[in-house]
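Here the structure is laid out as structure tokens; the discussion comes afterwards.
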Amino acid sequence: MATSLYSTHCRSLATSSSSSASFQPSPFSSNPAYLQRVTFSHRFLASKVSLKSQPPSYKIPVHTQQQEGAVAASVTPVENGTSHKQLNAELLSVKSPRESLVEDGYEKDENESTVSITVVGASGDLAKKKIFPALFALYYEDCLPKHFTIYGYARSKMTDAELRNMVSRTLTCRIDKRENCNEKMEQFLKRCFYHSGQYDSQENFAVLDKKLKEQEGGRTSNRLFYLSIPPNIFIDAVKCASLSASSGNGWTRVIVEKPFGRDSESSAALTKSLKQYLTEDQIFRIDHYLGKELVENLSVLRFSNLIFEPLWSRQYIRNVQLIFSEDFGTEGRGGYFDHYGIIRDIMQNHLLQILALFAMETPVSLDAEDIRNEKVKVLRSMRPLQLEDVVIGQYKSHTRGGVTYPAYVDDKTVPVGSLTPTFAAAALFIDNARWDGVPFLMKAGKALHSKGAEIRVQFRHVPGNLYNRNFGADLDRATNELVIRVQPDEAIYLKINNKVPGLGMKLDRSNLNLHYAARYSKEIPDAYERLLLDAIEGERRLFIRSDELDAAWSLFTPVLKELEEKKIIPEYYPYGSRGPVGAHYLAARYNVRWGDLGSDIDR
């Protein structure tokens, strides 16, 4: 079930500086609307070619002859009487096709293109803890192009040496090969530079552009900007980067971090503003949960195993649970969190994206657009969430084992009397032929009893089960359940019923278990590694399209507005508990028991 089923090792990138071939520059090439790229995905069978609008072509005078795709050097015929010395001199003067192209300045070998990655907001926690370590891991695995440069950009005053020192403290030799790690670190850090500037200054970005060109050395330049900054300055940064630091002869792409607005209106306004300076194909909206190994494996599990696909419908599945829990609170980040809350922070994006991947119909191919089309169909088939199908909670102070844990409102960055939920549970429904009537239950919360993320698929009871009496009144104990544990300690296991050895007829539940740590010696890559590599390759399968985002917000915006307008008071639950009691009543209304609360949980 490993994703290598439709992938090759990314070392194929080591011999080429980019997975995109760029066209000859034109007078319009600095305009994002005319940026072109031919994208060849090295890691998927469904290779994709994405063409932007093409400017007028220009004829290139080259001292070569092209015949049916072959390139031959022009050679002057040798006349009779030519001496051996003259012949040798003329033969040596004959240029190879590559030399002729280089001499005339039209070298198009992909080794002569480069990728420049600019981390905007390089001094922030996300950049230090996730982005730079992910880039180093890609470099260590030879997944980055031969010619690449990494630039940190932020308002903080910092030298190149100070950036390298900051980054070096977060890099680890966690890669499974481990040899020459320190040497690799030094080589990686030499590729890292820093430029200080304001996010709304075209002049500062123009200086960055000059520095990038110095590193690119006249090669075809491809540029990736990662916006690791607050959403209120997205547009300023995109405007300046697009107008002052776009590639003139390659592709330009921008990775945008969530949150993508607070509701349908703000999200649409953000998308409209971004599209003033970028095309949709240049915008990579990142949701790091889509890059997690077990989420990636979800479609492989379903579509490449005959035993599951026939069961993947209302006929056999009783309910689906998507559960996210953290065993810690906001811990000083309450100011940011209070503006969004747990529904916007986790449910509207992470969990809803997993739900769409889980419930979608079989796509035409593994092409990004085919997969995203199916996800959009699922989202548009869902009922808007109703207030009666939502339970919200907020953690309160609790003392356990002599240790007192603070309440959410004890966080000094949280406004006094805040009603922002730190826990939410919801029941959602998909009104289509496959899933009609099947409850999809979501649950997400902070300061709970455990940390984890998982998908639980509870199957229907066996009709006329001969062994019902062996299970007593608790028929749920006889229910098969498929569990996909996204994190931590990744695993996929199926709960089945079996007979306990012995003379009597005693039944037991056992797990058919694929435990990743036991099955695979290779360490699982971080989600950011996969997503950064996809962005460099132009693979959009795991990024969110604008219509997908609109459909997601349309489900949650009405209930979010109702919660805020009516000032619904959240149910308080102790720090470190299993959450509000109301979540159990919500599940019981649909004849469901939360699967993560049983005594037989395999951790």
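The values are calculated or read from the model by the stated rules, or taken from the named source; none is laboratory data. What you see is a predicted model; the values in this text were computed from it and never measured. Reconstructed Cβ throughout: ideal geometry from the backbone, glycine too, with neighbour counts over all protein chains shown. We work out accessible area using only protein heavy atoms, side chains counted, and drop any ligands, DNA or RNA first. Shrake-Rupley method; radii C 1.70, N 1.55, O 1.52, S 1.80 Å.
Tabulated values for the structure
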quantity: In segment 506-524, residue surrounded by the fewest Cβ atoms within 10 Å (Cβ to Cβ) [restricted to those that are touching an Asp or Glu at 6+ places or on another chain (Cβ under 7 Å) and closer than 30 Å to ALA368 by Cβ]; calculated: LYS522
quantity: Per-region count, segment 327-354, residues open to solvent by 30 Å² or more (accessible area, probe 1.4 Å) and more than 18 Å from SER266 (Cα to Cα); calculated: 6
quantity: Within segment 185-201, tally of residues that are part of a helix (DSSP H, G or I) and either buried (at least 18 other Cβ atoms within 10 Å of the Cβ) or small (Gly, Ala, Ser) (or both); calculated: 3
quantity: Boolean, LEU533 is touching a Lys or Arg at 6+ places or on another chain (Cβ under 9 Å), assigned to a helix (DSSP H, G or I) and either touching a residue at least 40 places away in the same chain (Cβ under 8 Å) or closer than 30 Å to CYS143 by Cα (or both); calculated: yes
quantity: Residue among GLU388, GLU374 that is out of contact with any Asp or Glu (no Cβ under 7 Å at 6 or more places or on another chain), in a helix (DSSP H, G or I) and open to solvent by 10 Å² or more (accessible area, probe 1.4 Å); calculated: GLU388
quantity: Candidate set: segment 505-546, residues that are at pLDDT below 80 and farther than 24 Å from ALA453 by Cα; chosen: the one farthest from the chain's Cα centre (by Cα); calculated: MET505
quantity: Number of the exception - ASP287 against (1) modelled with pLDDT of 90 or more; (2) closer than 19 Å to LEU126 by Cα; calculated: (1)
quantity: Residue check for GLY217: in contact with a strand residue (DSSP E or B) (Cβ under 8 Å, 6 or more places away or on another chain), at pLDDT 90 or above and small (Gly, Ala, Ser); calculated: no
quantity: Residue match in segment 98-117 (condition: part of a loop (DSSP other than H, G, I, E, B), surrounded by 11 or more Cβ atoms within 10 Å (Cβ to Cβ) and modelled with pLDDT of 85 or more); calculated: no
